[in-house]
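Below is one structure, written out as structure tokens, with a few remarks after it.
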């Protein structure tokens, strides 16, 4: 506890000098681990009294889900997520799904490096945008032709 | 002595020795083992539960809790970071001036707060400043540990041994200030000069890094001005309360707890959040210790030891005082001074009741020896252990012997000065 307070104080001091407003909140950090069909599915969530509940999936690939107002929602979200993964592992494409998702995350990080470290011409940005549109269109097209397998809730991002 | 009493003496002695051995070994959490030993004393009927609870010094407990609450709230204002950055900027990044001023700030803070709290407040800022200056943090943290232990000697509330002595006697805040602050100041000044010589080659900084320290903005650290004002006022009232507590016939715990609850009330801080940060492990450690030592007293061991000490010294105040001073110093250098003082207090009280002599000089001997002795080794005081842990996390390992070579001579110097002081003014 002493060590945590000392480390927190140092980080807080450095961040405040950078112009940040820092608020230290006592909370509980919970690590949740499942293994589904040999694939580790892990989450971390943070519970605190400020009515902010942050849930993030960390395996098989990191994905910030979102913040919640009610702690009960966290369990519901994890439950649905796990049911979806259980469904997914029955598919032959499960490994490809995990690999492609990791690739997408890698692309975001590379793109971030590109924009932060280099002066990228506007036309190159346009090319990258058009490639992203192509992928989006491919996803939409595939959705129209593929058969639906999960009905417990509606997709949030693919309408 | 009948068989039951003999059994109780035997049991109490065994439990006490085993518990203290375990505490000193640091192989088991000290709070757990102290409480375990205390509970065993009750289970084996060395003393009944009601009596066990009766020997807990709630003045010490109350004072510790009260001050912890005040510091927890005060810390949220950012005032300690403000003071540290302001101090570093006044020094214009000069490492020796930072060393000197941080030591002074630490000593003064430690006189008002306990040593561990002071180190936990000053160390993070010190580490950021030394990182910026690209300096080895060890000399600075070393000086702060030494300064914290010396500063804590000066007042009733500065160090747990003094809090415990105050709780057990009629000695109040002003008694400690008048009797111990002068010698603590002398020891501090002399120690600073010695440390400056010891670390004279460590303070080389580039002008560029000095300027980085000047770029720190201390005003950014004040996170809550309203809370700062409220905390400052309440801290002022609390210190005034300590100064006057004997005159108004209030115990020091009452003053501390009054300050704490007043601050909780006016600040509207979430009490659950604040109470969660209290070092309950330290509080329960004290509870266990009080019961353990109370059990020794119950079976007459302390009285026997007191009689033997009076026989040894023939009741001579000077010899007794020096014996307690030096024995306390050496013992406190190697073992935790809190259990040591917890055992010595009833011993001195028994000496008073047996011989009828005024034992006030012995309290000062015990306070000086136990507080300053903690400077002797890396395990001598909790503040030392915490600072060493912080350095180790940064890859700077301070070995027992390396620390001993630097700190033990400083501790001896402080005890020599204390010896002269006691001989001149008390014995």
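Within the range B:309-346, the set of residues being without any contact (Cβ under 8 Å) to a residue 60 or more places away in the chain and outside any helix (DSSP H, G or I) comprises B:314, B:315, B:316. Scanning the range B:214-240 for residues that are buried (at least 17 other Cβ atoms within 10 Å of the Cβ) and away from chain A (no Cβ under 11 Å) turns up B:227, B:228, B:230, B:231, B:234, B:235, B:238.
Out of curiosity, is residue B:265 touching a helix residue (DSSP H, G or I) at 6+ places or on another chain (Cβ under 9 Å) and modelled with pLDDT of 90 or more?
For residue B:265, the condition - touching a helix residue (DSSP H, G or I) at 6+ places or on another chain (Cβ under 9 Å) and modelled with pLDDT of 90 or more - is not met.
Please work out if residue B:303 is at positive phi and modelled with pLDDT under 90.
On the way: at positive phi: no; modelled with pLDDT under 90: yes.
No.
Do we find a residue being touching a residue at least 40 places away in the same chain (Cβ under 8 Å) and either surrounded by 14 or more Cβ atoms within 10 Å (Cβ to Cβ) or within 14 Å of chain B (Cβ to nearest Cβ) (or both) anywhere in the range A:10-31? The answer is no, given that none of the residues of the range A:10-31 is touching a residue at least 40 places away in the same chain (Cβ under 8 Å) and either surrounded by 14 or more Cβ atoms within 10 Å (Cβ to Cβ) or within 14 Å of chain B (Cβ to nearest Cβ) (or both).
For the range A:94-126, a tally of residues being more than 28 Å from residue A:59 (Cβ to Cβ) and assigned to a helix (DSSP H, G or I) returns 6. For the range A:18-31, the set of residues classified as modelled with pLDDT of 90 or more and touching a helix residue (DSSP H, G or I) at 6+ places or on another chain (Cβ under 8 Å) consists of A:19 only. Any residue that is touching a helix residue (DSSP H, G or I) at 6+ places or on another chain (Cβ under 6 Å), farther than 23 Å from residue B:86 by Cβ and crowded, with 21+ Cβ neighbours inside 10 Å - is there at least one of those in the range B:185-203? Scanning the range B:185-203, I find at least one residue that is touching a helix residue (DSSP H, G or I) at 6+ places or on another chain (Cβ under 6 Å), farther than 23 Å from residue B:86 by Cβ and crowded, with 21+ Cβ neighbours inside 10 Å, so the answer is yes. Kindly indicate whether any position in the range B:60-69 is in contact with a helix residue (DSSP H, G or I) (Cβ under 9 Å, 6 or more places away or on another chain), surrounded by fewer than 23 Cβ atoms within 10 Å (Cβ to Cβ) and not in a helix (DSSP H, G or I). No, the range B:60-69 has no match at all.
Once the range B:270-302 is narrowed to residues that are assigned to a loop (DSSP other than H, G, I, E, B) and within 20 Å of residue B:338 (Cα to Cα), the residue that is nearest to the other protein chains (Cβ to nearest Cβ) is B:279. The residues of the range A:32-49 that are more than 11 Å from chain B (Cβ to nearest Cβ), touching a helix residue (DSSP H, G or I) at 6+ places or on another chain (Cβ under 9 Å) and at negative phi, listed by number, are A:32, A:34, A:36, A:39, A:41, A:43, A:45, A:47.
Residues of the range A:59-95 that are farther than 30 Å from residue A:47 by Cβ and surrounded by 11 or more Cβ atoms within 10 Å (Cβ to Cβ): A:91, A:94, A:95. Just one residue in the set A:106, A:126 is loosely packed, with under 13 Cβ neighbours inside 10 Å, within 18 Å of the chain's Cα centre (by Cα) and over 25 Å from residue A:150 (Cβ atoms); that residue is A:106.
The values are calculated or read from the model by the stated rules, or taken from the named source; none is laboratory data. Keep in mind that what you see is a predicted model, and the values were worked out from it rather than measured. All Cβ positions, glycine included, derive from the backbone under ideal geometry; neighbour counts span all protein chains shown.
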